[in-house]
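These notes concern the structure reproduced below.
The values are calculated or read from the model by the stated rules, or taken from the named source; none is laboratory data. If you're wondering where the values come from, they're calculated on a predicted model, not measured in any experiment. All Cβ positions, glycine included, derive from the backbone under ideal geometry; neighbour counts span all protein chains shown.
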């Protein structure tokens, strides 16, 4: 069945323009006394006529629904080529497979549905994969592969894919890493699967825009999902539930996971057989090694080692080789000619962890030595393109591993006891987002487009009319409007790689059709602008009684002013769109091919813009009688403007942004300049593996080992001794007495007492002022523009270290590209001298800052990247990064410095009702989540504060103020009072809350189980802050009418 196409609006518009031109030539209504007028008219008539013909022919074609069989056959070929190369290059499958035993697990905790029964035996061995694949194929069930770290789960998944592909008529197995499934962005498994299929196999859309979805829904795809355990633990139950719900009962599936994580999910995959890897015995490992060594003349030390393994005594080495990873490491690091007997020394290797660490340390040198570079005329999958020093390779890979470990997990939540940071996949197009504080586009790109547009309009106008014309300048500035409207995502770091195929072949007619269609649209817009301007001018002339000559001039001026820019924009985009059309003979995407494809696409846009700009500018000046020199200048300027538009336009900017980030990192010595070539060589060496366009370390344990090689900046910290406690007040009667009123020259957003209690520090519009208790200024820190702060109603913030030595404050900048003010700088200065000591670069705006009690660390929450970072204030080193769903607006260290409390933003959504989270401030592990008791009133927490002894935590927000047990998370007191800021008194008996109203409240909290209000200060203006002096004798309140009120707290 088919459906008849319809005539497009472009074709209809082109037909109208063509008829108008023919009519004008027949009647002579409009005549221009120039030699080029008649050829131009005939040329335009022919072009528009050709658009009409091609459009009409396209409309007559019957759009047939593409059958799935050709697409399925192509997918089978792409998957087969992909994993044949990957298995040979990295995993060495087919070369001495290891005899890993896989046994059926039939316990109730692993099974969702009826138990496995019948005649099918699921147990098998990795060196006899055919039997396991046949049992899976004929059973119609799903398969879950479990095991410990390095048990060979991924290897078994690849073996199953290759074996299942041998069946020419069955469904196609497709291996994907499920840890890349962001359940927040893709709540439905089908949507994520289709997106990954189209990204990994870009030829599929050539068979139909929805071909990947059709193949899945028709049951033609068997998803093989690797690495469930790498997903955030909080996402595992939801992911398994979605798989059970999204997959029809007859759809087969293979899922790999570590046993502990799968069991902890408390949710099983329905209708699945579960097999688990059995640890290899030392004797079996010895037999396997002996079968390899018998082909060579091994070192005598091997005989000793094999003998010890066959004794079957528990040793660190026997424990290491009980997993396929350990056995592969031993075989790879210690070749037949190398003495491995040193591994039997208990003094050097007392544990299996020490043996494995030693093997990981030797892995890079061993592989580089075993695989020398290939010659230029050689094509060897196992050999790199150049020689590297192993120290360099280890350094670069360690940085990459550490970078991935500091990447926020894209998940809805982090389970208690887990970390919010750390991913396994390296996507080259995300390098800038991970390493650059201000990735493009920014003000620089906007200025570049502005300069190019002004040059375009000004030069063309001057050369065409022999005088500068503001009308042509307006036409050039129109490119800016098109850039903002047609450039798609304004954040280039979020762009995915594009696809470009430049093989013209039978696609030449498609290119011509795209160019003609875009020419028609741009010409129509230009002619329409001229006609509209002429109509408006005619009306004005009729009202004023003038002749209609000016109106007729407008009809020609409009196309000349706006036409060149419109032609450049639309035709450049048409070439890019044509290049992105997928072809049916494409291959599976790899990191290197996706990088090259996006590079081609960006270069196509760049060159297309330059060539089209030169042609348009040159023809315009030549047609208006310009000399050869003027035509050449116009072509050059127009080419540069066109290349600028080609650079910034479109939906894909991954390659230029990546190149900028790689260049910056290479200058700092973090990564090599030719990063993609190095990663490809690391892949050839077997240090990395490729899953579609993503790189992963060959083993997760290798990744963790390399990340640990970098000197850990989060070294173990001892809990510091809290300050000497302020004596608790006897009784609960406290009488605040007004002491002094201080009028400030600007609105105050935050306030703090100095550590000695004799000074105040308040932050206003662009400054932080240090005063004595009378309000006399001692020092002013200026850290941003007061004009920007007042116009945009934003303000900086500051924090004073507990020891009184340092002050941290933020700054603001105006982002011209997004027309927004964003704080991105943090300065740490000496409080006594004002000298700036350290500058920190945050990703975006700063929501909150807090010093640790020992004044050695600074915690900063981000507005753009939903993270909290902890920095070393001495040298600006980033110690820790914690990811959230949104940047927390409030932070507080516990008095001993071991914990960090973060407020829950209202942007987290209604389904997230915790009011605060408590983290380990050294490791980043989530310790506690404080859930709101009244979910209807919860709308986000603004501030958090620990009590001086660390046993209580106060939270406040737009509806309630709560006091919690900081150890158990139990809610002790809930007050229906909203506030922006909250603070405990130094003795822990008083709690102050300010904001969201004209009152400042002061409560006596006693032991935290009961609360008495002892003060409500009505200011008549919104309160913004409140603070206690270090000895608890003074209390300060701030309101938006620029008043600081000091109170004396007396019994």
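Data for the structure
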{"read-out": "Leading residue by the ranking (surrounded by the most Cβ atoms within 10 Å (Cβ to Cβ)) among those in segment 144-177 that are assigned to a helix (DSSP H, G or I) and over 33 Å from the mean Cα position of the chain (by Cα)", "value": "164"}
{"read-out": "Criterion: closer than 17 Å to residue 157 by Cβ and either surrounded by fewer than 23 Cβ atoms within 10 Å (Cβ to Cβ) or assigned by TED's automatic domain parsing to the domain that holds residue 179 (or both) - qualifying residue of 268, 241, 273", "value": "273"}
{"read-out": "Failed item, numbered, when residue 387 is tested on (1) in contact (Cβ under 8 Å) with a residue 40 or more places away in the chain; (2) part of a loop (DSSP other than H, G, I, E, B); (3) within 33 Å of the chain's Cα centre (by Cα)", "value": "(1)"}
{"read-out": "Odd one out for residue 831 among (1) more than 24 Å from the chain's Cα centre (by Cα); (2) under 27 Å from residue 440 (Cα atoms)", "value": "(2)"}
{"read-out": "Residues located in segment 652-700, provided they are under 18 Å from residue 180 (Cα atoms) and part of a helix (DSSP H, G or I)", "value": "700"}
{"read-out": "Count of residues meeting criterion [surrounded by fewer than 22 Cβ atoms within 10 Å (Cβ to Cβ) and touching a residue at least 40 places away in the same chain (Cβ under 8 Å)] in segment 650-661", "value": "3"}
{"read-out": "Answer from 746, 718 - the residue that is farther than 30 Å from residue 779 by Cα, at pLDDT below 85 and part of a loop (DSSP other than H, G, I, E, B)", "value": "718"}
{"read-out": "Qualifying residue in segment 391-399 (condition: more than 25 Å from residue 678 (Cα to Cα) and surrounded by fewer than 15 Cβ atoms within 10 Å (Cβ to Cβ))", "value": "no"}
{"read-out": "Check on residue 764, over 19 Å from residue 1026 (Cβ atoms) and either modelled with pLDDT under 80 or surrounded by fewer than 20 Cβ atoms within 10 Å (Cβ to Cβ) (or both)", "value": "no"}
{"read-out": "Single unsatisfied condition, residue 105 versus (1) at pLDDT 80 or above; (2) over 29 Å from residue 384 (Cα atoms); (3) touching a strand residue (DSSP E or B) at 6+ places or on another chain (Cβ under 8 Å)", "value": "(1)"}
{"read-out": "Residue list for segment 403-457, filter: more than 26 Å from residue 643 (Cβ to Cβ) and either assigned to a helix (DSSP H, G or I) or modelled with pLDDT of 75 or more (or both)", "value": "403, 404, 405, 423, 424, 425, 426, 427, 430, 434, 435"}
{"read-out": "Residues located in segment 284-302, provided they are within 24 Å of residue 348 (Cβ to Cβ) and surrounded by 13 or more Cβ atoms within 10 Å (Cβ to Cβ)", "value": "285, 286, 289, 293, 298, 299, 301, 302"}
{"read-out": "Enumeration of residues in segment 610-630 that are in a helix (DSSP H, G or I) and either without any contact (Cβ under 8 Å) to a residue 12 or more places away in the chain or at positive phi (or both)", "value": "619, 622, 628, 629"}
{"read-out": "Which numbered condition residue 332 misses (of (1) under 21 Å from residue 229 (Cβ atoms); (2) part of a helix (DSSP H, G or I); (3) touching a helix residue (DSSP H, G or I) at 6+ places or on another chain (Cβ under 8 Å))", "value": "(1)"}
